[in-house]
Each structure stands twice: as structure tokens, then as C-alpha cells.
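This report refers to the structure that appears directly beneath it.
The values are calculated or read from the model by the stated rules, or taken from the named source; none is laboratory data. Because the structure is predicted, anything quoted here is derived from the model rather than measured. Heads up, the Cβs are rebuilt from the backbone with ideal geometry, glycines too, and the neighbour counts pull from every protein chain shown. Heavy atoms of the whole protein, side chains included, go into the accessibility calculation; ligands, DNA and RNA do not. Shrake-Rupley method; radii C 1.70, N 1.55, O 1.52, S 1.80 Å.
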Amino acid sequence: MAIETTTQILHDGARNAVVQITGRSDGSGQETAVTKVDVSALQPPAARVAISRLTYDITGGMVELLWNADADVPFAKLEGNNVSDYERIGGLQNAAWGELGANGDILLTTRGFGLDSSYTIKFDLIKKF
């Protein structure tokens, strides 16, 4: 089974969305560049998103977040728990936007996850059209 995951759409409005993802490891594997926020599945669908706030709790390993592109762009390495607020700068945005293959999705990779390692990450998002 590796890592059992869930994705919850807590809010999906005309301009903003809130997505919470969770994962718990059985110790048998890692996640590698798995799509966690699919912007085309939001209602209305967005071309991309900016992250206005990132709230996380990581236990027993590290999570790396990436923007999807032909060459995925890492933008955060998360350990422990914290809240990162990017609202004053207009949100954390995809540095690869406009490059070949960039579609706005957010990917996740786990590192060092063993038995009962877990993550809970909440993305407060601003939709871009």
C-alpha cells in the first residue's frame, strides 16, 4: 500500500480554493512527484494557482512540493509543522509558468517516510485564469 492518501476540497469558489491532503505511510514506499492539486479539476477550472497560505504538519520524514512542468520545479521542503503566509506578496506562484509543459498542478514527493510517518497539508489557493 505504501502511503494511504486523501484529498479534501474544503472550499472551491469563483476565485479561491482550499485543498487539504493527508498521507500515512505503512513503511513500504515513498510518493514521487504525485499530483496533489489538479487545477483543471477545480470549479471553475483554473489555468494555475498561487498559494496564499500553506499550513502543514509532517511527522517522520520530509515532503517536497513541486510545480508541474516538463522539468518539475521544486518550491518547498516541509518538515515539522508550520504556517507559511504568502498573501502579502500576492501568493507563491509557479516560477515555470509559461514554460513548456507547465500546467499549474502541484506535485508532492516524500523522503525518509517510514512506518507511521504522516503528513497533513492545507493549501489556501488563489485561482488564476
- If you take the C-alpha gyration tensor of the range 25-129, multiply each eigenvalue by 5 and take the square root, what semi-axes do you get, largest first, in whole Å? 24, 16, 12
- Item | Segment R111-Y86, length gained on full extension (0.36 nm per residue, minus Cα span) | 6.5 nm
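What percent does the relative contact order of the chain come to when contacts are Cα pairs within less than 8 Å and at least six residues apart? Intermediate results must be reported in sequence, preceding the final value.
On the way: 348 pairs, mean separation 50.1, N = 129.
Relative CO of the chain lands at 39 percent.
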- Please give the FRET efficiency for I9 paired with D70, using the beta carbon to beta carbon distance and R0 = 35 Å, rounded to the nearest 0.05. 0.80
- Task: Return the sequence-ordered ³J(HN,Hα) values of the range 39-52 in whole Hz as given by the Karplus equation 6.51 cos²θ - 1.76 cosθ + 1.60 applied to θ = phi - 60°, using x for Gly and Pro.
- Result: 5, 6, 8, 6, 10, x, x, 10, 6, 6, 9, 10, 8, 8
- Task: Would you calculate the separation in nanometres between label points at T32 and A95, each defined as 7 Å from the Cα along the Cα-to-beta-carbon direction?
- Result: 2.3 nm
- Per residue, the convex hull volume that the Cα atoms of the range 1-55 enclose (Å³): 94 Å³
- Query: Roughly to the nearest percent, how much of the accessible area of the chain is carbon and sulfur, given a 1.4 Å probe?
  - Reply: 47 percent
- Item | HN-Hα J in Hz across the range 64-81 - Karplus 6.51, -1.76, 1.60, θ = phi - 60°, x for Gly and Pro | 10, 9, 9, 7, 6, 6, 4, 10, 3, 10, x, 9, 7, 10, 10, 9, x, 9
